[in-house]
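S.K.: Have a look at the structure that comes next, please.
The values are calculated or read from the model by the stated rules, or taken from the named source; none is laboratory data. Everything quoted here is computed from the prediction, not taken from an experiment. Please note: Cβ atoms are built from the backbone with ideal geometry, for glycine as well, and neighbour counts cover all protein chains shown. These accessible areas exclude ligands, DNA and RNA; they are computed on the full protein's heavy atoms, side chains included. Shrake-Rupley method; radii C 1.70, N 1.55, O 1.52, S 1.80 Å.
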Amino acid sequence: MKQAVSPSAEQVKAGSAVYGRGVLAIYDVWVLGIVCPLVWHCSRARMLEQYDRHVGNRHLDLGPGSGFYLDHCTFPTDRPELTLVDLNDEVLRKTAGRLRRYRPAALRRDVLQPLNLGDARFDSVGMNFLLHCIPGGFAHKGAVFDNVVPYVTKGGRIFGSTVLSHGVEHGRLAPAKLTILNATKVMSNREDSLAGLDEALSSRFERYRIEVRGSVAMFEITVN
């Protein structure tokens, strides 16, 4: 069996770099409003419901994208404590500016490496559409869960979604879109499967749930 090779720092950085100012400007409308329902067959409204169910008073968001979900979700408090983590400075500027009413902390980190968040503890962690952007298979992507768990309170929730290549029922447009996005390094999920995601979660957590919507797997974890 061929041994999996860990992605290099350059590959990880390249996967994040595609989210420049131009992409972020159209992200809400194009990616979330058009591609999600028509190509992946999972609406942004469904993913927003996931945020509404699980987001806590102290929330950490890994790979916040344009900040759409944090901007529109319903927090259990008027003054949530928000921390945003991404490797892309433009993403952090965009999201922190959009959410400035919450005065979020914005930290540049590689989620495959120790997060170095000090004494911070969070009630919830979101990672929406993060995993399919990280190079390498789930044997490597699973490090994200290992790196974040130390900062989650007992009973806290980790939740998110990812587009898979295998083990899900794709619509007519999805296969070609996956080929293009992987070729252009916008996504790195050629080998990502539902079985691989389940293994990454079951080997780490006792309480988790995966729901499949079209090409998208939505996961919810309760930390013991």
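S.K.: Cut-off 10 angstrom, C-alpha nodes, Gaussian network model of the chain. Which of 173, 92, 84 fluctuates the most?
M.R.: 173
S.K.: Something else: How big is the antiparallel share of DSSP beta bridges in the chain, given as a percent to the nearest 5? It would help to have the intermediate numbers written out before the result.
M.R.: Working: 14 of 33 bridges.
Here the share of antiparallel DSSP bridges comes out near 40 percent.
S.K.: Under the rule of at least 5 residues apart or a separate chain, name every residue whose amide H is placed under 5 Å from the amide H of residue 58.
M.R.: Counting only residues 5 or more places away or on other chains, the set is 81, 123, 124.
S.K.: Please report the net charge: other residues with Cβ closer than 10 Å to the Cβ of residue 126, K and R +1, D and E -1.
M.R.: Details: positive: 157; negative: 61.
Residues near residue 126 contribute 0 overall.
S.K.: Now a separate question. How long are the three semi-axes of the equivalent ellipsoid of the chain, in whole Å, if each is the root of 5 times an eigenvalue of the C-alpha gyration tensor, listed from largest down?
M.R.: Values: eigenvalues 115, 82, 65 Å².
Equivalent ellipsoid semi-axes, largest first: 24, 20, 18 Å.
S.K.: Within 12 Å, Cβ to Cβ, of residue 189, how many net charges do the neighbouring residues add up to if Lys/Arg are +1 and Asp/Glu are -1?
M.R.: Numbers: positive: 141, 177, 185, 190; negative: 191, 192.
For residues surrounding residue 189, the net value is +2.
S.K.: Now for a different question. What residue among 74, 95, 184 shows peak mean-square fluctuation when the chain is described by a Gaussian network model with Cα springs under 10 Å?
M.R.: Comparing 74, 95, 184 in a Gaussian network model of the chain, the most mobile one is 184.
S.K.: Also, I was wondering about something else. Within straight cross-link reach of residue 94, meaning Cα distance under 19 Å, which aspartates and glutamates are found once same-chain residues fewer than 8 apart are removed?
M.R.: 28, 61, 71, 81, 86, 110
S.K.: So, with +1 on the Cβ of K and R and -1 on the Cβ of D and E, and no other charges, what is the size of the charge dipole of the chain about its Cα centre, to the nearest 20 debye?
M.R.: 380
S.K.: Something else now. Return the long-range amide H neighbours of residue 129 (sequence gap of 5 or more, or a different chain), with a cut-off of under 5 Å between placed amide H atoms.
M.R.: 161, 162
S.K.: At 1.4 Å probe radius, can you tell me the per residue accessible area of region 86-224 in Å²? All intermediate terms of the calculation are to be shown ahead of the outcome.
M.R.: Details: 6340 Å² over 139 residues.
Spelled out: the 1.4 Å probe surface of region 86-224, per residue, equals 46 Å².
S.K.: Tell me which of 37, 152, 218 sits at the most positive position along the dipole axis of the chain, charges placed on C-beta atoms (Lys, Arg +1; Asp, Glu -1).
M.R.: Going by the charge dipole, the pick is 37.
S.K.: Ranked highest first by average number of other Cβ atoms within 10 Å, how do 137-144, 165-172 line up? Show your work: numbers first, answer last.
M.R.: Numbers: 137-144: 20.4, 165-172: 15.0.
Result, highest mean first: 137-144, 165-172.
S.K.: May I pose another question? Could you give the dipole magnitude of region 29-88 about its Cα centre, charging the beta-carbon of Lys and Arg +1 and that of Asp and Glu -1, in debye to the nearest 20? Don't jump to the answer; show the numbers that get you there.
M.R.: On the way: 5 positive and 7 negative charges, 30 e Å.
With only Lys, Arg, Asp and Glu charged at Cβ, the dipole is about 140 debye.
S.K.: Top to bottom by accessible area (1.4 Å), largest first, where do 177, 154 land? Walk me through the intermediate numbers first.
M.R.: Numbers: 177 50, 154 180 Å².
I get 154, 177, largest accessible area first.
S.K.: Could you report the accessible area of residue 209 in Å², rounded to 10, computed with a 1.4 Å probe on the protein chains as they sit in the structure?
M.R.: 120
S.K.: Using amide H atoms built in the peptide plane, which far-off residues or other-chain residues are under 5 Å from residue 156 H to H?
M.R.: Residues meeting the criterion, in which the H sits 1.01 Å from N, are 223.
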